[in-house]
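The structure under discussion appears below in the form of structure tokens.
The values are calculated or read from the model by the stated rules, or taken from the named source; none is laboratory data. This one's a predicted model, so the numbers in the text were calculated from it and none came from an experiment. In this analysis, Cβ positions are derived from the backbone assuming ideal geometry, glycine residues included, and neighbour counts consider all displayed protein chains. Keep in mind that these areas ignore ligands, DNA and RNA; they rest on the heavy atoms of the full protein, side chains included. Shrake-Rupley method; radii C 1.70, N 1.55, O 1.52, S 1.80 Å.
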Amino acid sequence: MRAVPTWVDKVHDRDKQEQCIYDLCFRPDGSQLIVAAGNRVLVYDTSDGALVQPLKGHKEAVYCVCYSRDGKRFASGSADKSVIIWTSKLEGILKYSHNDAIQCLAYNPVSHQLTSCALSDFGLWSPEQKSVQKHKSTSRICCCAWTNDGVYMALGLANGIVSIRNKMGEEKMRIERPGGVNSPIWSIAWNPAKDEPVDVLCIADWGQNLSFYTLSGKQVGKERALGFDPCCVSYFSKGEYLLVGGSSKSCLLYTKEGVKLGTIGEQSSWVWCCAARPDSNFVAIGCQDGTIAYYQLVFSTVHGLYKERYAFRENMTDVIIQHLITEQKVRIKCRDLVKKIAIYKHRLAVQLPERIIIYELYSQDASDMHYRVREKINQRLDCNLLVVCTNHIVLCQEKRLQCLNFVGNKEREWQMDSLIRYIKVVGGPANREGLLLGLKNGQVLKIFLDNAFPVPLLKVPSAIRCLDLSSSRRKLAVVDEHSTLLVYDVKSSELLYQEPNANSVAWNTSCEDMLCFSGSNTLNIKASNFPTHQQKLQGFVVGFSGSKIFCLHIYSMSTIEVPQSAPMYQYLDKKMYKEAYEIACLGVTEGDWEALARAALEGLEYNIARKAFTRTRNLTHLELIHSIQDRRHQGEVDNNIFLADIRAYEGKFSEAAKLYRKSGHDQAAMNMYTDLRMFDLAQEYLGSDESVDRKQLIRKKADWARNINEPRAAAEMYLSAGEVHKAIDIMGENGWEDMLVDVGRKTDKADRQTLSLCASHLRRLGALTHAAEMYKKMGEIQSVMELYVEVEDWDEAFVWAEKHPEYRQLVYVPYATSLAEKDKFLQAQKAFHKAGKPDEAFRVLEQLTMNAVNENRFDDAGYYFWMLSIQCLDIAAEDEREHEPMMKKFKDYQRKASMYYVYHTIQRYMDEPFTSYMPEALFNISRFMMHELMTAHPTGISKFSSMYTLSKQARNLEAFKLARYVLDKLQTLRIPPRFQEDVELAALKIRAKPFHDSEEHQPLCYRCSTTNPLVNNSGNQCVNCAHPFVYSFVSFEILPVVEFVLEEEITDEEAIHLIQQSGGGGVKDSEEGEGEGEGGEGGHWRQSDTGAAQALTLDSSPSQSPSHSNHDPFTANLMNFYGGSEYQPVVVGRAALAAMEPHDVIICRWPLPLKCQYYKNFMPDVPITHCKHCNKMFHTDDYTLQVLQKGHCPFCRTPASDAPDTAE
């Protein structure tokens, strides 16, 4: 740091007496300096020190001046106890007084409130207030200062106390210095730095100490001993430095932590005041003898550079290491004046006034920026230049070089013939590094740390300013004091070339033949012996790596990205492709890479072209290069062909065609022109086999016509060129059915591929007749059927299926699927059967059944379960392995069919307000359902609905015992809310009814003549003989029929034959002439003749004539059972069968594997209708009514045309 005097003035009064300069301050823009000199206020122009105007207004000495932060006004305070406010135009606008002499002034930096301090009080004035608020002080006030935010101010008192007060003047904090009254606080200042986390107050007392405190009163850092009485302290505008003046007769520069940096101007008397000009390095000093000195501080650049690492000094005490490539920065706080910096590889040396500190990187990583202390050399060492190596430091002092290890011991010393002007470490192994020296006498030397003798390299005519060695150490660049760049060959000392206007030079570390130099605000880049490339640049270059140039301008280092386009093109002009590629790798634009790639390709330098095209991601040219290299490996050596390919890729088709012809490859030229749709030019290059080439040309013309949306022309061209399939595709895409049919008819039936293609297009276009014609021509019957199936023309499909039964499945499976998708499941099921897919038919019916249950269509559910049961019989008959499970399913499905059929009536009764069923029918239906629900509970059937219906009808028909039983059961079920009250009320009312059922509703067993209770725990069968009740499946009354079975040796065919052959009125008694009537019941009715009259007598006691009961074998077997729950059917033999009347017997013929079921009607006068499809029985009147209403059987929905069997 140097202090350069800018101007000096000395103030005298009229009597030539020296006037003490008690205070001074700068205008915020730095253009004027306000000085308190004697009893006047002087205004100076800072640029040249000219006195602008003396201001007179005070009668006695002016002690203090202060400018507001906004620059609109300033104030002066005097021993005459007054304060004057001046405008920036140097006009006095206000004056107010205190009781004592004014000691100091301070403007609030935010609110511009003025603090004026006298000996015993201080006042606060602002432009908005008419009066001055004054506050007493317990001690003499020597100085004052506001915080940066204008919230608090500090008052320095003569008793050694600093009082912190708010804007209202109220004390908030006191800082007591250890010296007390012996250390009066003479000057204070707040650090104006905006990046500090807290406000820091600098205190200078006459205990000759400098200390720092926070707003809370906590001391910051160490207390610094000054060695003199301080009269003033003042910060630079950014807070990085501190000025202190006083009895030392000089102004000293300190860091913001209080580290002494240097002296600014030695004076002949006390320095009473000092201030730094805002935002600059100028300092003004006021002395007791009237001297006003204005200095410019010049901070010299202390820095070091090694490759991309740059270390420099900041704020005089900090070292910043900057990575010039990644822009990373780290700061090392040395807390002392940094005098010299040296950096080399992973070492950093920093020279402080009393020691040298050696740092090293934490790791060898190239990107690591963390340093730690390696060694400290605690010696005061003087040097002009400092160099650090792996394990040594080298000090340069004029002509002498000294090598010290890191402990501080001197190992070697060199004495030169002339002053050393430049020194540079050029590398080498540890402890043997080489240094390059440039001397004032023009000599260039090289020394090694382990060699005491310098090695002369060469000598230039004048003093050396700068030098650098190329990366291979073959070339040396020197800049002399005449600003001439000289480049030498190191080995031969030959001058290769020289350039003018150079002040610094740097070789490119990545390229041997490239360097850059700066001078006259110009950057010059030179490659080999080519002319230099120039561009504007401020500063001078210190490094060159790849495409990055490191430039130092004043105090800052910057990295400039310079495209290496100019030198690359210089090499390209000389067809030096390899060197041009090396230059391009340093950094060029995308366009430069493309130019290099094309030039290298033109020069047949395929490897360089490939690398360059890879950079630009030009896949087209990369494929071309790959193709050329493959052909070269295969033995092709004609460069004209390769050049022709290159010209074609670059769009130079005429040149390419000429090269193809020159090399005898006319076909390649024709192919090129046809690809470009230049068919006229292509015809010029037709080869010897003209017919083949012409076809190829036509084919390509057709391709082109197709691409330009001329399909008809393209189709015709393809046909003429023999490309029939392509022509057919075009016709199909455009829907030209006539052309497709024409082509198909002209095609031979042996050409199946062409015919198939025509047929597929016609099929897609909907021309089914023509498509079928093509398939028939090929003999593809299956395709014809698939065609009709695809368009769902089922009539035609069925006709073809009848003609060709082997393809029935192709028709009926899609037909069934289509029906199923349209919810026509029954038809679908039949279609699956026709297609021979019983499993699929069964699956469809199962799904249909479950859908009906889920949708509460219980009549449909009953019907579908009946159909499922019949399906199970079919499967059981066809597959012996499935017999047992299918028979179980059959019985289950039959039962569920009956239950869902019955529940449909109950559900309608519950949901609809009116019903066509009589109470007796509803009673029978719900009672049937109650008994069925005792052992099974299918999905969707409500037990509550069934029992509620039964309870209601039982009460209506006076079956009170049954009603009470059912209502008690209902209480245990979950009752829907809308029926809750009705059920509870009915349960109460039934208690008032007699506990018995009406006998007329109790069921009678027609086998054993037992009257059964209405509630039967055995279900729908007799409680005595276990004979299952046979119901009429409309009114559900019990029919007067009894089931019988055949003896084991009798077949169904024989039994039916015996029944059909029997005929008569029974066997008559020969003695008594008595016999059975047609409707006789085991001899109960007796016929007798008396004279001319005939009599019919009812014999109520069969036991009276036991011989008569033996005449009907069936009646004799009715009571052949033993008590218990097991059902024992009536077994009949041949005699009993022969004795039966055919119209009294009902035969249920079941499909295999089931046998026939036989029933006998005990009341022939009750007509019973039997449905031969579902084997359900009905009262004939009920069945007839249902058929008239619905047109089919109520249970199995067989149409009325299929007449059922009727027993009358």
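A few points about this structure:
- Phi angles across the stretch 955-960 convert, under the Karplus curve 6.51 cos²θ - 1.76 cosθ + 1.60 with θ = phi - 60°, into 3J(HN,Hα) values of 5, 5, 9, 6, 8, 6 Hz, Gly and Pro given as x.
- For G543, the residues whose modelled amide H falls within less than 5 Å of its own, excluding neighbours fewer than 5 places apart on the same chain, are F550.
- Here the stretch 137-192 yields Rg over Rh of 0.96, to two decimals, using C-alpha coordinates and the Kirkwood radius.
- Of W272, W125, the residue with the largest accessible area leads and the full order is W272, W125 (1.4 Å probe).
- Relative contact order, percent, the stretch 136-240 [alpha-carbon distance under 8 Å, six or more residues apart]: 20 percent
- Accessible solvent surface per residue of the stretch 408-513, calculated while the other protein chains remain in place, 1.4 angstrom probe, Å²: 46 Å²
- Local electrostatic count, G71, Cβ distance below 10 Å [Lys/Arg +1, Asp/Glu -1]: +2
- Share of Cα-Cα pairs in the stretch 445-540 lying beyond 18 Å, as whole percent: 45 percent
- Loop trypsin sites (Lys or Arg not before Pro), the stretch 460-491, which have at most 10 other Cβ atoms in a 10 Å radius of their Cβ (DSSP): K491
- Which listed pairs, of K81/K167; K56/K256; K943/K989; K345/K575; K526/K575, have C-alpha distances above 29 Å, in listed order: K56/K256; K345/K575
- Near I464: Cβ cut-off under 12 Å, other residues only, Lys/Arg at +1 and Asp/Glu at -1. The net charge is +2.
- Chymotrypsin sites (Phe, Trp or Tyr not before Pro) restricted to the stretch 356-431 and DSSP loop, no more than 12 other C-beta within 10 Å: Y362
- Three semi-axes of the equivalent ellipsoid, the stretch 352-452, Cα gyration tensor, whole Å, largest first: 24, 17, 12
- Neighbours of I85, meaning other residues whose beta-carbon lies under 14 angstrom from its beta-carbon, give a summed charge of +2 when Lys and Arg score +1 and Asp and Glu score -1.
- Short-range pairs are left out: with C-alpha atoms under 8 Å and at least six residues apart, the relative contact order of the stretch 936-1049 is 17 percent.
- Here the Karplus relation 6.51 cos²θ - 1.76 cosθ + 1.60, evaluated at θ = phi - 60°, turns the backbone of the stretch 520-532 into coupling constants of 6, 6, 9, 9, 10, 10, 10, 10, 6, 9, 6, x, 6 Hz, with x for every Gly and Pro.
- Proximal lysines relative to K1160, as straight alpha-carbon distance under 19 Å, when same-chain residues fewer than 8 apart are discounted: K1172, K1176
- The H on the amide N of V52, modeled in the peptide plane, is under 5 Å from the matching H of V43, Y44, D45, each at least 5 residues off or on a different chain.
- Residues E590, E375 ordered from highest to lowest accessible area at a 1.4 Å probe: E590, E375.
- Percent RCO, i.e. relative contact order, over the stretch 369-436, from Cα pairs under 8 Å lying at least 6 residues apart: 24 percent
- Set K95/K136; K896/K961; K339/K424; K340/K376 screened for pairs whose C-alpha atoms are more than 24 Å apart: K896/K961
- Loop-located trypsin sites (Lys or Arg not before Pro) in the stretch 161-232 whose Cβ has at most 12 other Cβ within 10 Å (DSSP): K194, K218
- The lysines whose alpha-carbon is closer than 17 Å to the alpha-carbon of K491, local same-chain residues fewer than 8 away aside, are K446, K459, K475.
- Mean projected area (nm²) of the alpha-carbon convex hull when the stretch 156-313 is viewed from all directions: 11.2 nm²
- D997 contributes an accessible area of around 20 Å² to the protein surface, as traced by a 1.4 Å probe with all chains present.
- Relative packing of peptides 1014-1023, 109-118 - highest average C-beta neighbours within 10 Å first: 109-118, 1014-1023
- Less than 5 angstrom separates the built amide H of N508 from those of M514, L515, C516, all sequence-distant by 5 or more or on a different chain.
- Per-bin percent of Cα-Cα distances, the stretch 183-241 [10 Å]: 24, 56, 20, 1
- Sorting the segments 504-513, 612-621 by their residues' average number of neighbouring beta-carbon atoms within 10 angstrom, most packed first, yields 504-513, 612-621.
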